[in-house]
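**Student:** What follows is a structure written as structure tokens; I'll ask about it next.
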Amino acid sequence: MRNLLNGSSLINSEENEMKFLTNIGTSALLALTLAAVVALSGCSGSNKTLVVPDPSATIGLPTPSAAGPVNTYTGTQTPGEWSFTLDNTNGKFSYQPVTYSATATSGTTQLVNGFTVLSNGGLALEVEGRAAILLPGDSTNAPVFGVPQTECYPITGRLRFQYLGSIGQYGTGGGELPYGGIVASTDTTGASWAFEDLEGNYGTGPASFSTTCSTSSNLSTIGFSGTKTLLNDEWFQNGQLWTTSAPTANTQSNIWIGPTGFFVADQSDPTYSTPTGSSVVGVAEPSSALTTSDIASTSKSYLGFIYEPGNTGHSIPTSTVPVSFTGQASAGLSGEEYLNNNVTQTLDPTTAMSISLGKQDSTYNGRYTSVSITVLDPNQGCTTAGKGTAGVNADGYIICTFSGTAMVGNPGGKYAIFINAINYATTKYAVPPQAMNIYLFQQ
């Protein structure tokens, strides 16, 4: 696996590749949070004051309870709220779309090679009681990222959450690599929340806004509704960029935070028949800079999914495939997809991929904005697109290297890696490029 991609002779790409990608449009992830500004401006007269505890105290979420074997996760499917339960005691699962309601699905589960195999052909990957990724059906479905928020946590001090925006299909002449972060604080009960210092690669947002957290049926949500937004150029409907002014009057926005700091948010309009809105996925900023070499240590292994939204204009279906990665020290991470997207089978060497995180941001711990991803490129998609970096590796295979952005955290003492990229290689289809999300959990 390592020899397929290492030792490459690369042709230099254009210096402004990332600038091209990040200047295409406005980010869906900032629309999620900025919508609260106008929608919640009426709250400014509230006399409920947020109480920030002693600044010398440890910053962060309360110490979580031990994870149990049965957990209900709430999250988003880029966009649209979902709820799903994984019962590891009785080997059962159930899931239900909430925003865009559909019949609930349930069945049995089997643990195979670290993944939870669902009896209906789907998959799940779980950090038990902390976060989970659901593939609801075959690989042509988009993944659902969820966390089990069962209470309104009070935060000690102020805590920054960093996240990546969901990527819709790559449109004509443009693509998105949205990322950002926001600082949260609460009152001593966890019911009142204040957000501030919104920032990201698509500009900054308001100085601050407030909202509330509520609990029902043992599930908690930090929710708000919005009718206006400062950013209205990027809003996805059924995976495609939607240019109509958004959010709409009926948009509902929700944030969920897992007990160890996994972060997910959804902003969608339930009055539309197809998913309309945006979402973000991320994690609390680590308390200190991460050691990048440790993330890619040879002792580290990761499981996850690669999600590539479909492109209706070129009849390309959505693809969500299970992957396995291992650390390769200074060479970064190296991984492959499972043969036929089946975790009971071996890894497929024709899907070999390497990831180098690059340099960590000097201000924000766990943020990497110069990620380098190398994949096999038998159809010479890099050359066709005129983007990325085309080359040939030491074994004579054509490869393509392209840029990405990563947010990395260490909730519960294990790494979680979230990556956005635009894949210019065409290993599956003859039309480049494809938007790409990579979600990895350390095992």
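**Student:** Is there a residue in segment 366-380 that is assigned to a strand (DSSP E or B) and of a type in the set (K, R)? Please lay out each step first, then the result.
**Tutor:** Residues of segment 366-380 assigned to a strand (DSSP E or B): 367-376.
Those left that are additionally of a type in the set (K, R): 367.
Yes: segment 366-380 contains one or more residues that are assigned to a strand (DSSP E or B) and of a type in the set (K, R).
**Student:** Within segment 127-177, can you find the residues that are modelled with pLDDT of 95 or more, of a type in the set (D, E) and crowded, with 24+ Cβ neighbours inside 10 Å?
**Tutor:** Those that are modelled with pLDDT of 95 or more, of a type in the set (D, E) and crowded, with 24+ Cβ neighbours inside 10 Å: none in segment 127-177.
**Student:** While we're here: Can you tell me which residue within segment 71-96, out of those that are of a type in the set (V, I, T) and modelled with pLDDT of 95 or more, is farthest from T109 (Cα to Cα)?
**Tutor:** T74
**Student:** Shifting gears a bit: So, in segment 293-327, of the ones that are crowded, with 22+ Cβ neighbours inside 10 Å and part of a loop (DSSP other than H, G, I, E, B), which residue ends up nearest to the chain's Cα centre (by Cα)?
**Tutor:** P309
**Student:** In segment 298-340, what count of residues is obtained for those that are touching a helix residue (DSSP H, G or I) at 6+ places or on another chain (Cβ under 8 Å) and within 22 Å of G146 (Cα to Cα)?
**Tutor:** Selection size over segment 298-340: 2.
**Student:** Quick one: N120 ticks every box in (1) modelled with pLDDT under 95; (2) assigned to a loop (DSSP other than H, G, I, E, B); (3) more than 17 Å from the chain's Cα centre (by Cα) bar one, so which box is it?
**Tutor:** (1)
**Student:** What pairs come up if the first residue lies in segment 91-104 and is part of a loop (DSSP other than H, G, I, E, B), the second is acidic (D, E), and their beta carbons are under 9 Å apart, counting only those six or more places apart or on different chains?
**Tutor:** If the second residue must be acidic (D, E), the pairs left are V98/E81; T99/E81; T99/D266; T99/D269; Y100/E81.
**Student:** Now a separate question. Please find, among G332, G327, G391, the residue that is touching a Ser or Thr at 6+ places or on another chain (Cβ under 8 Å) and either more than 26 Å from S299 (Cβ to Cβ) or of a type in the set (A, V, I, L, M) (or both).
**Tutor:** Checking each option against the conditions leaves just G391.
**Student:** Then there's this: Given (1) of a type in the set (V, I, T); (2) part of a loop (DSSP other than H, G, I, E, B); (3) crowded, with 20+ Cβ neighbours inside 10 Å, where does T74 come up short, assuming only one miss?
**Tutor:** (2)
**Student:** Name, by its number, the condition in (1) modelled with pLDDT under 90; (2) surrounded by 24 or more Cβ atoms within 10 Å (Cβ to Cβ) that does not hold for V431.
**Tutor:** V431 satisfies all of (1) modelled with pLDDT under 90; (2) surrounded by 24 or more Cβ atoms within 10 Å (Cβ to Cβ) except (2).
**Student:** Across segment 344-403, which residue is nearest to I438 (Cα to Cα) among those that are in contact with a Phe, Trp or Tyr (Cβ under 7 Å, 6 or more places away or on another chain) and of a type in the set (G, A, S)?
**Tutor:** Among those residues, the one meeting the criterion is G358.
**Student:** Starting from residues that are among the aliphatic types (A, V, I, L, M) and not in a strand (DSSP E or B), keep the ones in segment 335-365 and report whichever is modelled with the lowest pLDDT.
**Tutor:** Once the filter is applied, the top-ranked residue is L339.
**Student:** Limited to segment 83-119, what total is found for residues that are in contact with a strand residue (DSSP E or B) (Cβ under 7 Å, 6 or more places away or on another chain) and exposed (fewer than 14 other Cβ atoms within 10 Å of the Cβ)?
**Tutor:** 4
The values are calculated or read from the model by the stated rules, or taken from the named source; none is laboratory data. Every value quoted in this text rests on a predicted model; they were computed, and no experiment measured them. Cβ: placed from backbone, ideal geometry, glycine included. Neighbour counts: every protein chain shown.
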